[in-house]
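Where a number appears in this text, it was derived from the coordinates with a stated rule and is not lab data. Since the structure is predicted, the reported quantities are computational estimates derived from the model, not experimental observations. Positions of Cβ are generated from backbone atoms using ideal geometry, with glycine treated the same way; all protein chains shown enter the neighbour counts.
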Amino acid sequence: MAKLIYSAITSLDGYIEDADGKFDWAAPDEDVHAFVNDLERPVGTYLYGRRMYETMVFWESPRDAAEQPPFVREYAEIWQAADKIVYSNTLQTAASARTRIEREFDPEAVRQLKEAADRDLSVGGAGLAAQAIAAGLVDEYHLFLVPVLTGGGKPALPGDNVRVNLGLLDERRFRNGTVYLHYRART
């Protein structure tokens, strides 16, 4: 059975974007980006909410791709090779290959997808991840803590009386001050 992984780059105070919706402070440097590439390589399917998909679809055809560093081109290839499922009531058509749109998040359908998949799944976007976490679907958490305090914004993790006990599997500190934490949900 495949794992469902929630990966997020978050401020030290727990936000994936600031109060103005900006996340420029979260741009990974080469070391973090190359590490993320290694983590994302085994992912066969990305589950996205509409807003996260609209951010990530950039990787379908990055501007000036040939001039980008190898680690950026590699991430684009990883992203393009994976399937994508976008949960949205408003998105009419997908702007990327290997993408389908679902109108509502169905935890049972995701459970079945995990059981049938031969490669891991990743959930992206704090809102969709919160639904998956509340449904007990997320098996692992890959959190990148960036050394910045935003003072508010969109929380990376749900707060609505959702409790998940976690076990630390790995951690790493990068030269730029970013810290990676890898947890597994305990059952």
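When every Cα-Cα distance of the stretch 54-162 is counted in 5 angstrom steps from zero, the calculated P(r) takes the values 2, 9, 17, 19, 20, 17, 11, 4, 1, 0 percent.
When you work out D = kT/(6 pi eta Rh) for the stretch 14-78 at 10 °C and 1.306 mPa s, using the Kirkwood radius from C-alpha pairs as Rh and the Stokes-Einstein form, the result is 120 µm²/s. Note on the chain: lysine pairs with Cα distance below 17 Å, sequence gap of 8 or more or different chains, count 4. Taking the helices alone, the chain has a mean residue ellipticity at 222 nm of -7500 deg cm²/dmol, built from -39,500 (n - 2.57) per DSSP H run of at least 4 residues and averaged over all its residues. Restricting the calculation to Cα atoms, the chain yields a radius of gyration followed by a Dmax of 15.9, 46 Å. Between Glu30 and Thr90, the modelled label-to-label distance comes to 3.9 nm, taking each label 7 Å out from Cα in the direction of the beta carbon.
In the elastic network of the chain, a GNM with C-alpha springs shorter than 10 Å, the most mobile of Ala26, Ala95, Ala76 is Ala95.
Applying a DSSP loop filter and a limit of 15 other Cβ atoms within 10 Å to the trypsin sites (Lys or Arg not before Pro) in the stretch 46-117 leaves Arg63, Arg98, Arg103. Summary value for the chain: 36 percent relative contact order, contacts being C-alpha pairs under 8 angstrom separated by 6+ residues.
With the Cα gyration tensor of the stretch 98-185 in hand, convert its eigenvalues to equivalent ellipsoid semi-axes via √(5λ) and list them largest first in whole Å.
One finds semi-axes of 25, 16, 14 Å for the stretch 98-185.
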